[in-house]
Amino acid sequence: MCPVSTIQQAGLPVAAPWCGIRQHTFDELEDSLLQFSTVYEVRPDLRRQCREQVIAAKDRAKTAIRSANGRRETRRRTATMAEWMLIWLGDPAIFRLWVRAIPLRDC
């Protein structure tokens, strides 16, 4: 089996939930979580996979917060991203409405 990262490096698109959560920027995170919300809604058989991917991304963000070594801005940004993922985990269907309602996108 070919790892997803190898497929992505080859320039081939990998769909949610197999692509994982992209979280380098708030725009990437928003796009990823919105894609996962759509998959979660239309593919009940993939809901567990979606949740596992978002939980793993949230855990990576929390680890990154601890290893930010004094970079306050990085810790704050990553903590906010982890909060976004917690909101998604709380109710994937409401995330789409919530993310449109927040006034500040790029903390």
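The values are calculated or read from the model by the stated rules, or taken from the named source; none is laboratory data. Bear in mind the structure is a predicted one, so any value in this text is a computation, not a measurement. The protein model used for the area step is the full one, side chains on, heavy atoms only, and it has no ligands, DNA or RNA in it. Shrake-Rupley method; radii C 1.70, N 1.55, O 1.52, S 1.80 Å.
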### Query
When the Karplus curve 6.51 cos²θ - 1.76 cosθ + 1.60 is applied with θ = phi - 60°, which whole-Hz ³J(HN,Hα) does each residue of the range 85-100 get, with x for Gly and Pro?
5, 5, 5, 4, 5, x, 6, x, 6, 7, 4, 4, 5, 4, 5, 6
### Message
Given a 1.4 angstrom probe, I'd like the percentage of the accessible area of the range 16-107 that is carbon and sulfur, rounded to a whole number.
### Response
52 percent
